[in-house]
Structure formats: structure tokens, C-alpha cells
1. When segment 164-181 is examined, which residues are found to be at pLDDT below 95 and not in a loop (DSSP other than H, G, I, E, B)?
2. In segment 55-93, how many are out of contact with any His (no Cβ under 8 Å at 6 or more places or on another chain), under 22 Å from L209 (Cα atoms) and more than 16 Å from the ligand (Cβ to nearest atom)?
3. Under 22 Å from D265 (Cβ atoms), crowded, with 22+ Cβ neighbours inside 10 Å, under 21 Å from the mean Cα position of the chain (by Cα) and in the same structural domain as T511 (by TED's automatic domain parsing): does that describe I633?
4. Regarding E174, is this residue out of contact with any Lys or Arg (no Cβ under 6 Å at 6 or more places or on another chain), within 30 Å of S195 (Cβ to Cβ) and touching a residue at least 24 places away in the same chain (Cβ under 8 Å)?
5. State the number of residues belonging to segment 304-360 that are under 30 Å from T682 (Cβ atoms) and either outside any loop (DSSP other than H, G, I, E, B) or hydroxyl-bearing (S, T, Y) (or both).
6. Starting from residues that are within 12 Å of the ligand (Cβ to nearest atom) and free of Cβ contacts under 8 Å to residues at least 60 places away in the same chain, keep the ones in segment 620-665 and report whichever is nearest to R458 (Cα to Cα).
7. Given the criteria open to solvent by 50 Å² or more (accessible area, probe 1.4 Å) and either over 30 Å from S484 (Cα atoms) or in a loop (DSSP other than H, G, I, E, B) (or both), does K760 qualify?
8. Considering only segment 23-95, give the helices (runs of 4 or more DSSP H) lying wholly within it that have at least 3 residues that are surrounded by 22 or more Cβ atoms within 10 Å (Cβ to Cβ).
Amino acid sequence: MNNFTEDIKTYLETKFGNSIDEASERQVYQALMVKTRDILSQKRYKYNSKLKNSCQKQVYYMSMEFLVGRTLRNNLFNLGLEKEVRELLSEYYFDLDDIYAMEPDPGLGNGGLGRLASCYMDAATSNDYPITGFSILYEFGIFKQIIKNGWQHEYPDNWLDMGSYGLVYRNDEEVEIKFYGKTTEEWTEKGLKISHKDYTSIIAEPYDLMISGYKSDSVNVLRLWKSKANERFDIKLFEKGEYAKSVESEVIASSISRLLYPADDNDNGKALRIKQQYFFTSASLQQIVRKHFMNYNTLDNFAEKVVIHINDTHPAMCIPELMRILLDEYDYSWEKAWEITTNTFAYTNHTIMAEALEKWSVHLFEPILPRIYTIIKEINNRFCSWCNEIGASHELETMSIIHNNMIRMANLCIVSSFNVNGVSKLHSDILVKDTFKSFNRIYPGKFDNVTNGIAHRRWLGQSNPELANYLNNLLGVDFINDLSKINKLIEYKDNEKVLRDLEDIKRIKKTQLAIYIKESTGIKVDPNSIFDVQVKRLHEYKRQLLNALHIVYLYREIKFNGLRPFPRTFIFGAKASSGYVMAKNIIKLICSISEMIEADPLVRDYIKVVFLEDYRVTLAEMIIPAANISEQISQAGKEASGTGNMKLMLNGAITLGTMDGANVEIHNAVGDENIFIFGLTTPEVNSLALNGYNPRELYLNIPEIKDTLDFIRIIDGNGTNFNNIVDYLINNDPYMCLADFISYIESQKNIEKTYTNRAKWNKMSLVNIAKSGIFSADRAVEEYVNNIWKINKVR
Ligand SMILES: *Cc1c(COP(=O)(O)O)cnc(C)c1O
């Protein structure tokens, strides 16, 4: 590895006929991407032989989304090569940060769920656990967001153009996937044999993205499947004159891995989504089974050597697919196949909102996947009979897998997995006490909790090197390897010098962000103002609207009531799903408030609003280290966990939040005096919903609410008004913004008062950093390993 810089030079010479001093930035970028990938491939080879020899159990992590973020800096950081490369480049007048900036974000995910999968890949690899990720090689990842005149516009994200250098094409491991057609039954000497006929066949091509571990010999892979037409199949059909079928293979193949669905909750009712789900689960399962059979010559021990993790219900078709392979290709009996299957799968639930629980209509599903459908039906029949036997038939209304001609994917996962986990204590509690109460009764012990975690090496080590280096020198403990050690910082909570140093680092990060804000929006913000940050997908339940209401309230107080607050910069970043009208209107409202303030010479000295376009991992890495306040203001009971809250805490921002998701655990870790909690709790929300939430009454009786909402009606949106939003808040807001509004503005006032006491604020910030250890993805992965996966490290 000492020759890495030599390798770069050689690559430039052989590939482009250039010496490094003649090379372009783009050539240097390509050389770094390719040579880093090659080092990892080589390490992978050694790691893989160790893994093969040990015959140990492995995890396969199935997820429709991996929000990978840029890879080059992460890999150089993990390989310990960053310094060396930076020095080499600067000798030739290249800036490594400019090279990093050329890499597109592999945006193969929408938001939190996909980012979680990537954080776990990173953490498991750094800790030497054998894990393989499976997903789709989307040609277009999450769209690029551009804001024009306050409205979101979506543009295709052609990431492979510059991003494909990190991928390794494995043409030796292609598999065939079958859609449509019909099933036929036939009696053979082995009994009833089901075969799938007249299907349309397509090919899944594997591309591997190497996942490096921090200072580790381990290299795991994220395998991404790309669809292509089955040409061999075409020829056969041409001979039979079935032209239409061969064209069908082309049509299906060209659409399946074309794009990521840009909705972060659900896409019920879309045939292409079903095909995407089956495509990647079938390809992955076939490969896992094939490899297992090659190693052991049997599948009897499959569940002892394989654990397949299902990240939300999107990969749930893994379950009937494994059954299909065992029954139809390896001639297992139903009972034996079911035993293997139910000992193989573990499922993570990510949502309790009814509209986000995946359901497929039988009419849509059955023709596309006839064999898979018959298997799901049989699983359901057997489950229902069993419930009748144990006297639980009255609960089948909620528990059956197929109900009113809809297939309920969460129910399929619960029935077929050996473990089901939620993603924060509160969320897991709601699962067993409410959403899946009946299941918990018939499957005692199947449900548990693993609170989410984040890859702190990326979210602190790489995105905030100023803070990481400072803490490294100050504490003299290796918190980059083991984040729990960051707790040592608590010893400095009354050390004035340390508190001031932390404030200085925060100001450096705020100044860097202020420069970016000026370049990207033209708005000049003051690094001495409070940076109040809400960055996450745009969703009604996340209540960016509540934040906007507070800003309008402040605007009016400054303009009409003589308020002169401590200066504040409100920073937003959020993509809205392309078909989500209300979310897009909320973005427009925030942008219009921003313009109104900028046009007002009095108000703009006190408050600023910036909406940064195209929120993604790379932008998050810039914004989060600069935040003073972390807005986590979802309606209680709605955010399963959140991970943005953890990234912000780790970087010294103080949470302003409801008692929701992992905020509850942050509150518990830092104590009441180091967090700002407001609003209704989950039981209070539930009882208010039951007894009738009456926002109109709040509007009529509370002057702060009335004045704020009346004012929003007259905000100028360049030809749009916001009456629809005001009417929604007064009449039918399911997330009850107005119920929490007064409590929220009280907390905001408290924040301002606290911030002006710099010593007190800095101490709170320090405590937040010091207590963030439990939110490392290393801790979460360790819990998955010990409680669910039961795997060992690769030695
Ligand atoms: C962490 C992260 C999220 C999740 O944020 P939440 O506040 O937990 O919803 C979404 N998008 C990106 C780019 C992230 O890095």
C-alpha cells in the first residue's frame, strides 16, 4: 500500500499517456477512484478466502435503498491513505477536496431508511462482521432537486456517468428472473411438481461496490443488480415466432433498474415496483442458495449458516422466493422448506403509519408473479388454520396475510421471520402494545428493539475533522474506533477553555457553511447568529410547517410589536416526493417567507431563512457540523426513530424536539437540562385524536395562532397564495401543528435566552457530544449480532 502514490502515477501514464503534472483533474479523479477500488478488490480477495475457510454464518442485508454517499473520501479515510494522497496531489497543485467534489453521491435511496442501511454496512465492516448488502443498480438515483421561484423541480440524477468507477462487474454470477406466465401441476415420482411456464425471462447482472472498514482487513460488498433482456431467450422465441414475448423481455428489463422510486413512504399499486422488488430479491436469493449449495452440497443447514435481514417490507418477496427455490428446485417438502425459511429471516419494521404499510392488490400481483402468489396464499392458509387451532381466529381480521384481496406485506414478514424489531424504544413499544398487539400475543418473544445508530466515522471523523482532531488531542482516547469513549469529554464540562474551543470550532463550521449559503442562494448569513437547522425529507408528519409558523410569528413580532431577538438563521433542506402536492406547497411557503424577510430591511437584520436545494448526504455533511439547534419536531408517535437527530447531537447541536422516536433516548442520555422538549406526548396525541382535535377553536381563541395564520393568508407567493395551507391547519391537519404551537414557541423563547448565556449553551453542547456514544452504528450492529444474527467476526 506504500506504493499507492506510485500506482496513481502509473495509472495516469498507462491509461492517458500523461504524467501527473500534465493530467487533468478529471483524470486524477478517475485514477483515484479506480486504484482505490483495486486495493479494496485485492483486500477483498484475501478476506473472502478467510471467510470461505471458516465456514461461518453470514448476514445478507436486503434493502431496496442504500444511500451510500460519496465513497472516495470514506475509502481513503478508512485505508489511512488520505494524508499521503493529499500531499502527493498538492505537490502537483491539485486540491484533494476539489477531487472529492467531482464524485456524484450514489443516491440509491430516499432518506433515513437507505442511509441507515449504508451506516450498517460501514459499521459491520469496520467491526469485521461478514455482511453482504443487496439492492438494485438504479441508473437514476434520487432526483436532483432544483428550486425555481420557490417551487421544487426534479432532474434526473445520472450518477453512473462519473460514479461507475467504483463498481466491479461480476459477469460470472448472472442469474435469470422469471415474470408472468402460468403455473402447472404435474404428478411425478417425487409427488406433485409445480412448474412455471410461458414466462418472460430477464437477466440480472451483478455489480459490486466495495465497502471498506476503518483500519481493518475486512472488505464486504454491496451487490447491486442491473436488469437486461435475456437474449438467449429471445432467440428461442424468435424461432417459435413469439415475437411479442421477446420484446416483452426488452421492455421489462429496460425499465426495472432504470430509476429509484422517489417516494420515501410507499408506492402501493405500481406494477413496476412489484417487478423491482421481485427482481432484486429473486436474484439475491438464487445467488445465496447457489453459493451455499456449492459450499455444503446441501441446503439442510441453510438456516445455520445464513441469516437474511429484511430492511422494511420492500424485500419481503425474499420469503416466498426462498420457499419457491426449496420446493420447486430442490424438492423439499412444504414442512421442511417452511422450517428452513422461518429460521432464516429477520425483519426490521420502520413505520407504524397505516398508509405507509405496504399492501399489494391480488389482481395486480398474481399475473406478474403467479408462482410467488400461490406460495403466499398457501402460507396464509396454513397460518389461518393454525390461528383457528390456537383460538386466535377472531384476530385474523388484523393478522391474516391476505385480506380483502390485498396482500399485507408486514404480516407476511412477521409470520415468516424468527425476529421482528422496531428502531427505537418508543417505536418498538408501540409495535407490541398497539400496531402488532395480536401478533405479539401469539408469538411471544419474537418482537424486540434495536435503536438505530449512525456511522460516526463519516458523520464526525470525516465531515467534521476540526472537531474530531480537537477531541482526539484533548481526550487521548480512540473514540473513532469506539464511540463510547467520547464520554470522557464530560470531565471537561466546566472547563472554560474547552468550552470556548468548542465554540470556536462550531464558528469555523458555521463560517464554512455561510460561504456555501452565499454561493448557492445569494443570501449573506452571519456566523454569529444561531443556526437553527431542520434537514430531512419533507413530510407532513415531520412538521416543517410548525417551524415555518414560528418564523412567521417572529416576523410579525419584529415588524409590529417591537421584538428585537438574538439574530437567527433558519436553515432548511428537504426533498419532497414528486407527486406530493402538500409537501411542495410547504417548500414554496418556506421560500416565500425567506423572500419576504430578505425584502424587509428591519426584519432581515434579525432573522434569515435559507432553503438549501438538493439535500443529500454530501450536503448533510456540510450542514450538520454547523448546526446549533437540531429541529426534531414530528408529531409524537410518528417518527419511528430518526437518525438525523443523532448526527446533529454528535456534532454538538442541541435538540429541540417532541418526545418521539429516538428523541426520547437522547433526552434520557443528556438529561432534561440539556435538551428542549415540547409538545404533546404519544398518549396525549392519541387521546386528543380520540376526543376530537379542534384546531378551529385554537385558532379562534389563541391570538398568537390567529394572528400568525391570518398573516400567512397575505404572504405573497409570486402569483400563489397559501390559503390552502391555512385552511388545512384550521380544518384537517392530522399532525396537529396547532396543538403544539404555543408549547413550541415557548421552547423557542427559552432557547434564545439560553443561547445568550454562552457558557451555559456551550456546556449543553458539550454534554450532547459526550453522551452521543450510544448512537453509534457500531453499538446497533453489535446488538443485531448478539440478539438476532448470532454471527462471529472474520478472523
Ligand atoms: C440522516 C439522513 C436522513 C434522515 O434524517 P431524519 O432527520 O432522521 O429523517 C435523510 N437524508 C439524508 C441525506 C441523511 O443523511
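The values are calculated or read from the model by the stated rules, or taken from the named source; none is laboratory data. All values derive from a computational prediction rather than experimental measurement. All Cβ positions, glycine included, derive from the backbone under ideal geometry; neighbour counts span all protein chains shown. Each accessible area value is taken on the protein alone, full model and side chains, heavy atoms only, with ligands, DNA and RNA left out. Shrake-Rupley method; radii C 1.70, N 1.55, O 1.52, S 1.80 Å.
1. The answer is N171, D172, E173.
2. Here the count works out to 12.
3. Yes; evaluated as a whole, the condition is true for this residue.
4. It is true that E174 is out of contact with any Lys or Arg (no Cβ under 6 Å at 6 or more places or on another chain), within 30 Å of S195 (Cβ to Cβ) and touching a residue at least 24 places away in the same chain (Cβ under 8 Å).
5. The total comes to 14.
6. N645
7. Here the answer is no, as K760 does not meet what is asked.
8. Fully inside segment 23-95 and qualifying: 25-54, 72-79.
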